[in-house]
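The values are calculated or read from the model by the stated rules, or taken from the named source; none is laboratory data. Bear in mind the structure is a predicted one, so any value in this text is a computation, not a measurement. Reconstructed Cβ throughout: ideal geometry from the backbone, glycine too, with neighbour counts over all protein chains shown.
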Ligand code: PMP
């Protein structure tokens, strides 16, 4: 058979592939030494290997058969209970019916798409915004409508204008997606004042907010404090916020353990939607994560990880300054994994990526994060994974890829 297209459903035909997966294929297909500033992977030297080994050995001793049994779709109950404690540490009070585990926050985004987005809806997102959310929401056949950002997060006047314009055009507009802490890709934080105003706005305009918070624990203490990271969900008196978070960045992404906290009736719908994906879910990962919380491993991780990534940010910023002077500009990252850089005039991110690959370095093109067709003059550089030597080397390669135009 030469084509299977006739068998595909309209959705199957139009599925959107994650940009980062595509980049993964590029990395795999390229031989030789490549420095990646592309994927936002945590540094594996930051994983608590010894503690995980000890916990896994105990769990796999064979004494407790339930460890390898089917687990409930909603999540391993003791883990859900300890997640309530993690939430409380972030100022969020929730009960068991309001929480559910997901296979990475990515599955949480997919559940949002399945349960809350109808074909033809307008969904509000920032420009730029996270590519994984773009892919998940687009698969629900909605229209993503971008709202511009200021240095302290989404522009509230533009947000309200956009909402009213889309509603006046007859669109259903129910959702705003935000990454308030150390946004992927822009690295910025939503100010506390804007967080409060957004909650008031969501209630007044009858909108739900999807708050995606993978990086809140990873603030850099020279430029941010824990109080700056207080989730919108912590002050959500009216049940407007669906909060997603994950253990991917603080324990390890390979567990694929994340969670959603939201109004109970919506979480109930997520649970039902998830049943058709996995019916029961793997419990070993969840039990390792649970034990990591109970034994204090998670709590001990935060401080060293903040220091580690802050140091990587410093190395990248110093290297960029040394190579580019003021020809490359960026928002100084206050936490998280990413530096969002503006290219000098005349550079296009896609053409630069092709050249950069020849020089052995990759990044993610800015346009991948922008639903309004902008971003061609931006690139996202991730500093979380490469060692300091590799960061310096990679920045040097990037500068070489930009010659001779850069020298002009
Ligand atoms: N949201 C954002 C903003 C992210 O940066 C990521 C990870 N790149 C995720 C969600 C997904 O994380 P995970 O699926 O590993 O929990």
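Observations
- Scanning region 212-266 for residues that are without any contact (Cβ under 8 Å) to a residue 40 or more places away in the chain, in contact with a helix residue (DSSP H, G or I) (Cβ under 6 Å, 6 or more places away or on another chain) and closer than 14 Å to residue 105 by Cα returns a single hit, 255.
- Only one of the numbered conditions (1) surrounded by fewer than 23 Cβ atoms within 10 Å (Cβ to Cβ); (2) in contact with a strand residue (DSSP E or B) (Cβ under 7 Å, 6 or more places away or on another chain) is violated by residue 229, and that is (1).
- Residue within region 161-176 that is buried (at least 22 other Cβ atoms within 10 Å of the Cβ) and under 16 Å from the mean Cα position of the chain (by Cα) present: yes
- Filtered by the rule that a residue be closer than 12 Å to residue 102 by Cα and either outside the structural domain of residue 212 (by TED's automatic domain parsing) or away from the ligand (no atom under 16 Å from the Cβ) (or both), region 268-278 gives 271, 273, 275.
- For region 41-79, a tally of residues being in contact with a helix residue (DSSP H, G or I) (Cβ under 8 Å, 6 or more places away or on another chain) and assigned to a loop (DSSP other than H, G, I, E, B) returns 9.
- Residue match in region 290-312 (condition: surrounded by 23 or more Cβ atoms within 10 Å (Cβ to Cβ), more than 16 Å from the ligand (Cβ to nearest atom) and assigned by TED's automatic domain parsing to the domain that holds residue 90): yes
- Filter result for residue 149 (touching a strand residue (DSSP E or B) at 6+ places or on another chain (Cβ under 7 Å), modelled with pLDDT of 95 or more, within 15 Å of the ligand (Cβ to nearest atom) and farther than 29 Å from residue 254 by Cα): yes
- Any hit, region 12-28, residues being crowded, with 19+ Cβ neighbours inside 10 Å and at pLDDT 95 or above: no
- For region 276-285, a residue qualifies if it is more than 14 Å from residue 60 (Cβ to Cβ) and under 24 Å from the mean Cα position of the chain (by Cα), and the qualifying residues are 277, 278, 281.
- Within region 268-306, restricting attention to residues that are part of a loop (DSSP other than H, G, I, E, B) and at pLDDT 95 or above, the residue that is farthest from residue 70 (Cα to Cα) is 296.
- Checklist (1) over 30 Å from residue 302 (Cα atoms); (2) in contact with a helix residue (DSSP H, G or I) (Cβ under 6 Å, 6 or more places away or on another chain) applied to residue 402, failing item: (2)
- Filter pass, residue 216 being within 25 Å of residue 68 (Cβ to Cβ) and within 16 Å of the ligand (Cβ to nearest atom): no
- From the list 149, 98, the one residue that fits, being within 18 Å of residue 213 (Cβ to Cβ) and in contact with a helix residue (DSSP H, G or I) (Cβ under 6 Å, 6 or more places away or on another chain), is 98.
- Of all the listed residues (182, 137), the sole one being assigned to a loop (DSSP other than H, G, I, E, B) and within 16 Å of the ligand (Cβ to nearest atom) is 182.
- In a residue-by-residue description of region 116-131, the property of being assigned to a helix (DSSP H, G or I), away from the ligand (no atom under 16 Å from the Cβ) and under 17 Å from residue 262 (Cβ atoms) applies to at least one position.
- Residues that are within 25 Å of the chain's Cα centre (by Cα), part of a loop (DSSP other than H, G, I, E, B), assigned by TED's automatic domain parsing to the domain that holds residue 40 and at positive phi are absent from region 338-357 altogether.
- In the set (1) outside any loop (DSSP other than H, G, I, E, B); (2) touching a strand residue (DSSP E or B) at 6+ places or on another chain (Cβ under 6 Å); (3) surrounded by fewer than 19 Cβ atoms within 10 Å (Cβ to Cβ), the condition left unmet by residue 157 is number (2).
- Single residue of 209, 188 found to be in a loop (DSSP other than H, G, I, E, B), away from the ligand (no atom under 12 Å from the Cβ) and on the phi < 0 side of the Ramachandran plot: 188
- Subset of region 88-113 (residues that are more than 16 Å from the ligand (Cβ to nearest atom) and part of a helix (DSSP H, G or I)): 88, 89, 96, 97, 98
- Output for region 247-267, where each listed residue is near the ligand (Cβ under 9 Å from one of its atoms) and either part of a loop (DSSP other than H, G, I, E, B) or not assigned by TED's automatic domain parsing to the domain that holds residue 72 (or both): 247, 248, 249, 256
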